[in-house]
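For reference, the structure discussed in these notes is given below.
The values are calculated or read from the model by the stated rules, or taken from the named source; none is laboratory data. None of these values were measured; they are calculated from a predicted model. We place every Cβ from the backbone using ideal geometry, glycine too, and count neighbours over all the protein chains shown. Side chains included, ligands, DNA and RNA excluded: accessible areas come from the protein's heavy atoms. Shrake-Rupley method; radii C 1.70, N 1.55, O 1.52, S 1.80 Å.
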Amino acid sequence: MENAFFTYFILFLTFGWAQGRLVRVPNGPLVSVVGQRVSIRCTVSDYEGPREQDFDWTVLRGADSLQVISTFDPAYSDRSLQGRVDSGDISMERINDNTVELRIRNLKATDSAIYRCSTPSTDSVIRGNYEDEVQLKVIADSLKVSPVAPPAVVPEGGRISLRCTATVDSAEHTSLSVAWSVRKGTSLEAILTFGPERAVTTGTGYRKRYADGGLRLGLPGGGAYDLVLTEALPADQGVYVCTAKQSVPEQGGVWQEILQRSVDMGEVRVTPTSQSLTVAVGANRTLSVDDTLNLTCSVAADGLAALGLEVTWLVGSAPGGGPTDSRVLARVSRDGVVTGASDLVGVRRVGAGVFTLVIRGVSKSDSGQYSCRVSAWIRQSGGEWYQAAEKTSNPATVLVTMLEPEFKVTLRSVVTPQASGDPTELECRVTDALRLQDGRLGVSWRYTETTPADQPTSARAIAAVDEQGNLQPGDEYRQRAEKGLLALSRVKPDTFRLRLLHTQDSDVGQYSCAVSVWTRQRDGGWAKGKEVQSNPISISWIHKDPSLSVSAQPLREASSGGSTFEMGCQATAENLLDPGYSVLIRVEEAAGGKARKILSLSRDSVLKLEEWDELGRLDSVVLEKTGPAAFRFRLYGAQVSDRGSYSCEVTAWAPGAGNTWTKAVSAVSNKVQISFADTGPAFNVSIQPAVTSVLPGETAKIECVVSALGVSPKAGDVAYEVRWLQSRVLSLDRPAPLVSVDRWGVVRRGPLNGSSSDCSLEQTDERTFALRVHGARDADAGEYQCAVTPWLRAPAGTWTSARELTSARVFLSVTFTLWDTLKLPLLYGVGASLVAGGLSILLGFACAQWCCRNTKHTPRSRNGLMDLEMD
């Protein structure tokens with residue numbers, strides 16, 4: 001066991017400590033070409049001494065050894081090499097402290113040798129290696145590159161063929177690779193590299209193109225290499241360069257390039273299809289109806305055979321019109337599919353870039369601007385198509401002529417209005433018609449407002465009838481046409497009429513008609529041809545102001561109280577067209593007095609009570625419309641208070657535009673009287689206050705007494721409605737209702753009752769009514785009066801009311817006495833003071849006895865001085 005350990009220890013000392021300095025140069029042999037530069041690196045490691053080491057290079061040719069260059073001794077170089085060292089052809093560059101490179105700028109065939117790198121020892125113990133060597137082989141330059149100039153100009157979509165011949169003759173094992181690139185400005189863009197070892201590498205922008213087959217590599221042999229760009233793009237324009245590279249293998253299967261030679265193949269310009277594409281259509285044509293139109297579209301472009309052409313024929317109605325106002329007539333796709341053709345319209349391709357359009361049996365509607373729009377498409381290697389260009393030819397004018405029809409148009413008034421609201425009828429007639437053939441007639445009516453001579457005028461379209469007989473009203477007359485107030489008709493094939501059922505003031509002016517001829521087109525439609533306008537005709541009348549008269553007559557007279565009164569009103573309007581009426585019934589209770597409004601009926605038959613507010617009689621008045629201008633007023637249960645002069649106030653309304661109505665004129669009828677005699681007893685009313693002054697909180701009582709004069713009615717044949725009114729102190733307003741009781745005994749409170757004391761009503765006997773004000777307050781002071789309305793029952797059982805009777809006013813005051821006002825506050829104050837004083841005395845005594853008493857006795861000190869000091 002001890003022998004084994006000793007053996008291991010000796011081996012460790014031998015191999016572990018004997019490694020020492022290590023000098024390394026590249027593994028050889030190194031191969032390079034005459035005229036090229038070479039660099040041989042030398043590195044030292046695991047040394048002692050200074051960090052920066054010195055190096056010596058020596059070349060060995062057989063048994064001869066020549067010193068080349070040293071970092072320590074400037075005179076180290078052999079005399080045969082000193083000139084090359086001085087010129088810099090041979091140099092040594094320090095990379096870092098322990099690495100240098102021997103560089104030969106221009107190799108010569110004689111430079112083939114073994115190169116040794118050595119380092120002087122700086123170690124304390126010599127161990128390791130102090131030199132290393134490598135063989136350099138310099139071969140002859142046999143690389144030759146000769147390109148074939150590509151075409152200088154290539155159309156878009158064409159082929160760019162790039163041929164480059166490269167050869168090399170060397171006894172050493174080398175590999176040849178060829179690369180193509182294109183120079184665009186100052187940048188060089190790699191396209192494809194072939195080699196070494198037949199490997200293919202594509203540039204970044206050409207990978208998809210190569211995968212799709214747009215880049216094709218050809219090897220015809222004999223040192224020739226071909227690269228073909230099958231579909232040239234405008235971006236392919238530039239100077240193409242061919243580069244040949246000679247490489248030698250290194251360890252690990254890596255190829256090291258030793259020689260490269262580039263040659264410009266030539267500049268290639270790619271002509272965009274948009275620049276070379278030209279489209280032309282034949283010259284202008286003039287044809288007659290039913291002739292055949294032949295137009296040719298000629299297309300020319302560089303590389304036309306490689307283009308897919310899509311041809312569209314356009315026709316525009318306006319001379320000089322562009323594509324925006326043209327319509328598509330027919331189309332031929334790039335696959336030869338034709339769309340839009342028919343028996344009369346044909347499109348076909350007759351040659352390379354030549355397309356024809358044939359229209360048989362042309363009509364006048366075929367006149368227009370014909371143009372040919374061509375889209376050029378290029379197919380890529382992957383099968384996709386892209387549109388390279390599109391152009392539209394200059395239009396060719398095609399004019400189809402025919403003999404225009406001849407005719408005249410006359411306009412006359414069949415019905416002339418004499419006033420606003422009268423009908424108007426105009427007749428437009430075609431005469432002396434020639435060459436109309438199978439055409440149809442259409443008419444349009446126009447209106448021009450009559451203006452002063454120095455004012456501009458403009459015609460407005462009223463309505464038109466097209467070739468199909470369809471009515472097309474103008475914007476300002478559409479509503480009248482929808483309501484049937486405007487009518488157009490064709491009474492004969494050559495005669496048209498316009499009728500305004502109700503002529504308005506705004507219709508005064510000049511009218512004219514224009515008749516147009518429509519001819520059938522090839523597509524079945526109709527085209528508008530010649531149009532002839534009539535002379536204008538004026539429509540006017542003498543303006544008359546509207547007038548209205550109203551007559552009223554009694555239909556049923558009120559002969560006694562409780563009977564029914566009926567009155568009829570008839571309105572008669574002149575110079576108004578279809579007026580509407582509203583009516584108001586009024587009554588004058590005294591001759592020359594103020595008229596009171598009873599109720600009204602609006603133009604839309606809405607009934608409204610105006611100043612008729614008698615409770616219990618709201619439905620006693622009726623107003624209804626019995627005819628277009630006739631109305632009937634009915635009053636049920638006429639009372640004595642209803643006597644007076646009744647009349648009708650009628651307002652006439654004129655219709656306007658947009659369902660609007662305008663007030664035209666108003667009139668009042670004659671008066672119809674209700675004047676039956678009052679045969680009942682006469683009544684009187686008086687007020688009797690029990691007291692005129694009360695104290696606050698007391699109850700005031702006021703009595704209202706009704707007395708009857710003449711024959712007194714029976715107790716069950718008379719009833720009374722009593723209202724109490726109050727006028728407050730310093731108030732300038734009219735007396736306001738306080739409380740009331742109707743003849744049925746129903747009590748109603750007035751608006752003042754909410755701010756006054758509680759009130760109560762009591763009927764103490766048949767004709768005496770008492771008002772009590774409970775808990776009088778300041779607000780109850782003022783003037784009081786009562787209003788009584790007697791109701792009498794007739795033998796027939798109907799009730800009639802007499803006139804309302806109002807009593808005189810009585811003043812009620814709420815007084816205040818000084819002692820009565822102050823005694824209670826004074827009494828309350830004195831009592832509160834006595835109670836507070838007694839409580840204060842008891843509280844002080846309690847505090848003195850129990851809270852502030854000293855229970856401990858302290859004897860007086862005999863030391864007078866101390867007491868004095870304490871005091």
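From the helices alone, meaning DSSP H stretches of at least four residues, give me the mean residue ellipticity at 222 nm for the chain, per-run term -39500 (n - 2.57), in deg cm²/dmol to the nearest 500.
Calculated at 222 nm, the ellipticity per residue is -2500 deg cm²/dmol.
If each Cα of the stretch 347-498 is one equal point scatterer, what is log10 of I(q)/I(0) from the Debye formula at q = 0.13, 0.17, 0.20 Å⁻¹?
Relative scattering, expressed as log10 I(q)/I(0), comes to -0.84, -1.12, -1.33.
Carbon and sulfur: what percent of the stretch 199-309's accessible surface (1.4 Å probe)?
Carbon plus sulfur share of accessible area: 46 percent.
Filter the cross-link list 594/714; 544/671; 492/528; 483/608 down to pairs whose alpha-carbon distance in this structure exceeds 27 Å.
Pairs exceeding 27 Å: 594/714; 544/671; 483/608.
Placing +1 on the Cβ of each Lys and Arg and -1 on the Cβ of each Asp and Glu in the chain, which of 825, 564, 533 has its Cα farthest towards the positive end of the resulting dipole?
Going by the Cα projections, it comes out as 564.
If the cut-off is 15 Å between C-alpha atoms, which aspartates and glutamates fall inside it for residue 391, apart from same-chain ones fewer than 8 positions away?
The qualifying aspartates and glutamates are 302, 310.
How long are the semi-axes of the equivalent ellipsoid of the stretch 379-448, taking √(5λ) for every eigenvalue λ of the Cα gyration tensor, in whole Å from largest down?
Each semi-axis is √(5λ); the values are 57, 22, 11 Å.
What number do you get for the stretch 214-321 when its Cα radius of gyration is normalised by 2.2 N^0.38 Å, N = residues?
2.02
Order these peptides, 591-597, 405-411, 646-652, by their mean beta-carbon neighbour count within 10 angstrom, highest first.
Top to bottom by mean Cβ count within 10 Å: 646-652, 405-411, 591-597.
Using the alpha-carbon atoms, what tilt in degrees (0 to 90, nearest 10) does helix 818-846 show relative to the longest principal axis of the chain?
Tilt relative to the chain: about 50 degrees.
Select from the stretch 445-543 those chymotrypsin sites (Phe, Trp or Tyr not before Pro) which occupy a DSSP coil region and have at most 15 other Cβ atoms within 10 Å, ordered by residue number.
Hits after loop and neighbour filter: 541.
In nm², what is the average projected area of the convex hull enclosing the Cα atoms of the stretch 554-686?
9.9
Tell me, what is the percent relative contact order of the chain, built from C-alpha pairs under 8 Å that lie six or more residues apart?
For the chain, the relative contact order is 6 percent.
Rank 516, 626, 347 by how far each Cα sits towards the positive end of the charge dipole of the chain (+1 on Lys, Arg Cβ; -1 on Asp, Glu Cβ) and give me just the farthest.
Going by the Cα projections, it comes out as 626.
For residue 598, list long-range residues whose amide hydrogen, built 1.01 Å from N in the peptide plane, is under 5 Å from its own amide hydrogen.
Residues meeting the amide H criterion: 585, 586, 587, 611.
Could you tell me what a quarter of the Cα convex hull surface of the chain works out to, in nm² with one decimal place?
Mean orientational projected area (the chain, Cα hull): 121.4 nm².
At 1.4 Å probe size, with every protein chain present, just tell me what the per residue accessible area of the chain comes to in Å².
Heavy-atom SASA per residue in the chain reads 55 Å².
If you place +1 on the Cβ of every Lys and Arg, -1 on the Cβ of every Asp and Glu, and leave all else neutral, what size is the dipole of the chain about its Cα centre, to the nearest 20 Debye?
It comes to approximately 1860 debye.
Calculate I(q)/I(0) for the stretch 71-145 by the Debye formula, one identical point scatterer on each C-alpha and no solvent, and give its log10 at q = 0.12, 0.25, 0.27 Å⁻¹ to two decimals.
-0.46, -1.41, -1.49
What do you get for the angle between helix 2-11 and the principal long axis of the chain? Use alpha-carbon atoms, 0 to 90 degrees, nearest ten.
The two axes meet at around 90 degrees.
If you bin every alpha carbon distance in the stretch 95-186 into 10 Å steps from zero, what whole percent lands in each bin?
10, 24, 21, 18, 13, 9, 4, 1
Normalised by the residues of the stretch 184-328, what does the relative contact order come to in percent, with Cα pairs under 8 Å and at least six apart?
Answer for the stretch 184-328 is 13 percent.
Using +1 at the Cβ of each Lys and Arg and -1 at the Cβ of each Asp and Glu in the chain, identify which of 418, 124, 595 lies farthest towards the dipole's positive end.
Looking along the dipole axis, the top candidate is 418.
Over the Cα atoms of the stretch 145-256, Rg to Rh with Kirkwood Rh, two decimal places?
0.99
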